[in-house]
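Take a look at the structure set out below.
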Amino acid sequence: MAKKSATKLSEPTDAQSQESALSDSVVMQSPPAEVRYRDELRLLAEIDDSHRPVGWMLSPQAVVDFICGTDGQRIGTSKSKSLVIEEKFLGPRDIIQRCVVTLAGERGLLLVGEPGTAKSMLGELLAVAISGTSALTIQGTAGTTEDQIRYGWNYAMLLDRGPTPEALVASPVMQAMKGGKLVRFEEVTRCLPEVQDGLISILSERRLMVPELGGIDSSVFASPGFNVIATANLRDRGVSEMSAALKRRFNFETIAPIADADREVELVSRRAAAILAEGGPAPAVDKALVELLVTVFRDLRSGRTSEGWQVQQPSTVMSTAEAVAITTAIHREGVFFPSGFDPVSRLPGHLLGVVMKDDSKDRERLLGYWDGAVRRRADNGAFLWKRLVELRATLEG
Ligand SMILES: Nc1ncnc2c1ncn2[C@@H]1O[C@H](COP(=O)(O)OP(=O)(O)OP(=O)(O)O)[C@@H](O)[C@H]1O
Ligand SMILES: [Mg+2]
């Protein structure tokens, strides 16, 4: 494998809260969006002369352009200072417009959907485009406490001097309120409902009480620009347990899997190529393999093939993110072990790894798909599908 190419930051980011963390010498395995898209963000900020809501780094139109791209058009004032803004989220532009409108308003934004539909990616991109940083984030888990949403204390200082503003440890929510920024709350529904409800007063009153401090320090008021982007996965623990009071404080946007097969193939190829390139010179992504893989994923995800044949759906989610992971793994395997490497032969094993997560019946469902749709396509003479039929034994375990 070629030497790992490092992402070096040559100039400091303009995201104030990240300034020290993202210094010139930092080498990152997976750079955050503010680093990856720094040139695009700078250029957009430079040429954006539309109205920006108070506290926003870009105008609403520029935020949407940053996320949805400029359709291959270069933007900028001169050749040396112009760029095509890459399409980052594949999906209806009006969803992004609605997200942007919500974030400029009085309610939070809740992105819901199946796993791997780019909810977190979208949250990160919105936060970066609007606030310049994606770092103000809470990862919701079953163990998240209210302190992690509100504030905690430096106990040594608290014991020494009592409750003072210096002893207070601000949560990402409190930091976002003070700085007028967006805070991301990932997987909010994985937290206990009573912990989630800590957000109710923050979202409605835009104020966080610190009764221990007393006087003027006892309230933190949100600066303009503050809002919450939460994500919720419909599989792990849906939104059903979220209180009605909290639901009313969010606008919901449902993010669906990529509708168009060709666009999904294009995205999977592009993402896999980008991930492989992070490891140094990378092999070209095999388009036929990606088409085959994405077709299998879409058949199993929807329970129906493009020919109209019924397919038994496995209980696992066949997400685009998983398709990217398999494509990357197969190509990486080809780089590590090139001798006699046959990419299609690796596909059934990887598919089984995705499908067999919770339910042992999923293996039978996959075999049923093989004996139905895969065989019918092979019988119609499709070469790669014939190869898959020959590889059926790999699935039998
Ligand atoms: N519509 C899409 N546009 C662009 N990329 C997508 C899209 N759908 C999936 N992806 C790919 O899937 C990856 C994973 O997305 P992400 O982790 O944001 O999903 P998620 O919805 O937050 O999943 P989870 O519910 O498991 O947390 C993205 O980085 C991207 O490569
Ligand atoms: Mg996520």
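The values are calculated or read from the model by the stated rules, or taken from the named source; none is laboratory data. Keep in mind it's a predicted model, so treat the numbers as computed, not measured. So basically every Cβ, Gly included, is an ideal-geometry build from the backbone, and we count neighbours across all protein chains shown. When the accessible area is computed, the model is the full protein with side chains, heavy atoms only, and any ligands, DNA or RNA have been set aside. Shrake-Rupley method; radii C 1.70, N 1.55, O 1.52, S 1.80 Å.
Surface composition of the chain: carbon and sulfur atoms hold 52% of the protein heavy-atom accessible area at a 1.4 Å probe. When peptides 181-189, 265-273, 87-95, 43-51 are sorted by average Cβ neighbour count within 10 Å, with the highest value leading, the order is 181-189, 265-273, 87-95, 43-51. If a spin label sat at a point 7 angstrom from the Cα of D359 along the line to its beta carbon, the backbone N atoms of segment 301-335 nearer than 16 Å would be those of 301-304, 311-319. For the chain, the Stokes-Einstein estimate of translational diffusion at 37 °C and a viscosity of 0.692 mPa s comes to 140 µm²/s, using the Kirkwood hydrodynamic radius over alpha-carbon pairs.
What helices does the chain hold that run 15 Å or longer along their axis, going by alpha-carbon atoms, with a Kyte-Doolittle average of 0.0 or more, using DSSP H for the helix calls? Mind showing how you got there, number by number?
Values: long enough: 93-103 (16 Å, 0.64); 119-131 (17 Å, 1.25); 261-277 (24 Å, 0.28); 287-302 (22 Å, 0.69); 320-336 (24 Å, 0.60); 343-355 (19 Å, 0.88).
Within the chain the helices that satisfy the rule are 93-103, 119-131, 261-277, 287-302, 320-336, 343-355.
Among T145, G180, Y155, which residue has its Cα furthest toward the positive end of the charge dipole of segment 121-235, with +1 on Lys/Arg Cβ and -1 on Asp/Glu Cβ? After comparing all options, I get G180.
If you place +1 on the Cβ of every Lys and Arg and -1 on the Cβ of every Asp and Glu, how big does the dipole about the Cα centre of the chain come out, in debye to the nearest 20?
Numbers: 47 positive and 52 negative charges, 117 e Å.
Computed about the Cα centre, the dipole is about 560 debye.
Across segment 212-221, computed HN-Hα scalar couplings (Karplus, 6.51 cos²θ - 1.76 cosθ + 1.60, θ = phi - 60°) run 4, 7, x, x, 6, 7, 7, 10, 9, 9 Hz from first to last residue, x flagging Gly and Pro. With the charge dipole of segment 261-395 set up from +1 on Lys and Arg Cβ and -1 on Asp and Glu Cβ about the Cα centre, the Cα lying farthest toward the positive end among the listed residues M356, G368, L289 is that of G368. Any idea what the relative contact order of segment 7-255 is, in percent, if you count C-alpha pairs under 8 Å spaced at least 6 apart? Relative contact order for segment 7-255 comes out at 22 percent. Note on D160 and H51: their simple-model spin labels are 4.9 nm apart, each label 7 Å out from Cα toward Cβ. Return the whole-Å distance between the Cα centroid of segment 72-94 and the Cα centroid of segment 192-206. If you average the Cα positions of each part, the centres end up 37 Å apart.
How many Å² of accessible area per residue for segment 261-395, probe 1.4 Å? Don't jump to the answer; show the numbers that get you there.
Details: 6340 Å² over 135 residues.
Solvent-accessible surface per residue comes out at 47 Å².
Over all distinct alpha-carbon pairs, what is the Kirkwood Rh of segment 167-264 in angstrom? Let's see the in-between values first.
Working: mean 1/r = 0.0659 Å⁻¹.
The answer is 15.2 Å.
Number of Lys-Lys pairs in the chain with C-alpha atoms under 23 Å apart and a separation of 8 or more places or on different chains: 11. On a per residue basis, segment 7-255 carries 46 Å² of accessible surface, using protein heavy atoms and a 1.4 Å probe.
Provide the packing ranking of 150-161, 110-121, i.e. peptides ordered by the mean count of other C-beta atoms within 10 Å per residue, highest first.
Numbers: 150-161: 13.8, 110-121: 21.2.
For the peptides 150-161, 110-121, the packing ranking is 110-121, 150-161.
For segment 7-255, the antiparallel share of DSSP beta bridges with both residues in that region comes to about 40%.
Arranged from highest to lowest average of other beta-carbon atoms within 10 Å per residue, in what order do the peptides 313-323, 327-337 appear?
Values: 313-323: 20.5, 327-337: 17.2.
Output ranking for 313-323, 327-337: 313-323, 327-337.
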